[in-house]
Every structure is written in structure tokens, then in C-alpha cells.
1. On full extension of the chain, what length is gained from F165 through V49, given 0.36 nm per residue of separation minus the C-alpha to C-alpha distance?
2. Which log10 I(q)/I(0) values, to two decimals, does the range 81-177 give at q = 0.16, 0.18, 0.20 Å⁻¹ under the Debye formula with one point per Cα?
3. Rounded to whole Å and sorted largest first, list the principal axis extents of the Cα atoms in the range 1-42.
4. Rounded to the nearest 0.05, what FRET efficiency do Q103 and I32 give with R0 = 22 Å and r taken as the Cβ-Cβ distance? Could you check?
5. Counting only other residues whose beta carbon sits under 13 Å from that of L92, what net charge do I get with K and R as +1, D and E as -1?
6. By per-residue mean of other Cβ atoms within 10 Å, what is the highest-first order of 147-157, 48-58, 130-140?
7. Please list, short to long, the whole-number percent of alpha-carbon pairs of the range 98-148 in consecutive 5 angstrom bins beginning at zero.
8. Rg/Rh for the chain to two decimals, with Rh computed the Kirkwood way over all alpha-carbon pairs.
Amino acid sequence: MSFHGGILGVVTALFLFARRRKISFFHLSDLIACAAPIGLFFGRLANFVNDELWGRVVDPAGSVPWAMVSPAMGRATAASPQPALRGGDRGLILFVLLAILAQRPAFRLRAGLLSGLFLIGYAAARSFCELFREPDAYLGFIVGRISMGQILSAPMLIAGAAMIFYAIRRPKRLVAA
């Protein structure tokens, strides 16, 4: 799960950068969280264009209304277009939501609130899309129908909730523009 490991690296880099520059880690993470969905969208768009990372094969008779036929999966095989779904939910929708909320002082002035919302939004969207994604061949399902992506999203959801709790309990602080 490259994203889950990648986010640990980003958090470490943000922490070190904020500490060295003597700026608020949570203000910096809010800025990054608001911009990250753009990169997620374009990454998934590239997966879609390159015909990569398709979801589970579905009944071509239309049991899943958004299923598409992929040349990579075989001409007669319909599958869930995971890159399009993931680009939409973790890219466009999350970006628009965070952009709207970042305009409001009640969200912008509470450092860490937008970061927490990003983590919760990503974890929820990832867990939902995992329902239609083919699990990695070497892992399969971990417990019942629960995939590794859903398991790794649980700590993100908890961390996001903790950040929101922390942000709401702290006094509002002005952010240098």
C-alpha cells in the first residue's frame, strides 16, 4: 500500500521542516492536505489512461452500473474502473470539500482541522472503493472480505479524528498569509 507508507514519509518530512523553520506543524499540514487531492486526482487519471489498477471483474449484464470493459482485462470482461472512482472520490470530491471548508475562518483558524478532515475523507473513500477493488494477488482478503487497504485506512481514520479533536479543543490562532 504505497499511499499509506508515503503518508508516513510526508508527515515525517513536514514535522522536520516545520521544526527547522520554527513554524506550526499543523498549519503546514493543513496547507499540504488541501493540495494533496490534486496530486491524487492526476495520479489516478494517469492510471486510468494507462489502463492500470482495474477493480474486480463484474457481471457484464450490469450488476454494477459503472462497470467498464477494459482492454487490459479482456475485450468481453467488465470491471470496476477503480482509477476513475479513486480519482473522483479521493481527488475531485475531497479537493472541492477541503477548498470550500478552507474558505471558512472557523476551519482555517483551527490548525489541524483540515488535515484531520483530509485523513478521514481519504480513509473513508479508500475503504469504500476497496469494496470494488481486486485485492492484491499475494495478499488476498485479510479477514473475511476485509482487504489490507481497509485495515491500513483504520489508523488514518483514527489519526484524523484525533487531529480534529485536538484542533477543536485548542484556541483559534491566526495564520500568517
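1. Contour length minus the Cα-Cα distance gives 37.8 nm.
2. After summing over all Cα pairs, the log10 values are -0.73, -0.85, -0.96.
3. 31, 19, 12
4. 0.80
5. With Lys, Arg at +1 and Asp, Glu at -1, the neighbours total +2.
6. Highest to lowest by the protection proxy: 147-157, 48-58, 130-140.
7. 4, 18, 20, 15, 10, 9, 9, 9, 5, 0
8. 1.04
Coordinate-derived values only; no laboratory data. It should be emphasised that the depicted structure is a prediction, and the values quoted were computed from it without experimental measurement. As a convention, Cβ positions derive from the backbone with ideal geometry for all residues, glycine included, and neighbour counts pool all protein chains shown.
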